[in-house]
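Each remark here refers to the structure printed beneath this line.
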Amino acid sequence: QVQLVESGGGLVQTGGSLRLSCAASGRTFSSLAMAWFRQAPGKEREFVSAISWGGSNTAYTDSVQGRFTISRDNAKNTVYLQMVSLKPEDTAVYYCAAKIGSVEYASSKYDNWGQGTQVTVAS
């Protein structure tokens, strides 16, 4: 099992920036693919970004491509999501997720989840 704790959410204005962090414990972090998902009120949880265990492979959903950057520090057991040029439609609870093996886009493929951190972008 992996324990995941997200931080860094908050309230920002349109065009602002935030950096989310997800600290992992309980399993060798460097063996895990990590991902960020988000869920807005009344909507299904959606894939945002993912990164392979070594950091060489990253993926983004189209709506955040060029604005969000995922990275990881295996020495600190932490994955980050740098978000710039934020839009009101980015408002959601952001969840960190982990799985053994390769990056996947489907939330059902991830078996470890954090509690989520709220991101609110004011217009």
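List the lysines whose Cα sits under 18 Å from the Cα of LYS43, skipping any in the same chain fewer than 8 residues away. Result set, ordered by chain and number: LYS87. For the range 45-61, 3J(HN,Hα) computed residue by residue from phi via the Karplus equation (6.51, -1.76, 1.60; θ = phi - 60°) reads 5, 10, 5, 10, 6, 8, 9, 6, 4, x, x, 7, 10, 10, 9, 9, 6 Hz, glycine and proline entered as x.
Let me know the shape class of the range 22-61, please: from the alpha-carbon gyration tensor, a ≥ b ≥ c as square roots of the eigenvalues, rounded when a/c is under 1.5, otherwise prolate if a/b is greater than b/c, or oblate. Taking the square roots of the gyration eigenvalues as a ≥ b ≥ c, the range 22-61 is oblate.
The share of accessible area on the chain that comes from carbon and sulfur is 47 percent, using a 1.4 angstrom probe.
Projected onto their three principal axes, the Cα atoms of the range 30-123 cover extents of 39, 24, 23 Å, largest first.
The values are calculated or read from the model by the stated rules, or taken from the named source; none is laboratory data. Note that the coordinates shown come from a computational prediction; the quantities given were computed from them, not determined experimentally. Each accessible area value is taken on the protein alone, full model and side chains, heavy atoms only, with ligands, DNA and RNA left out. Shrake-Rupley method; radii C 1.70, N 1.55, O 1.52, S 1.80 Å.
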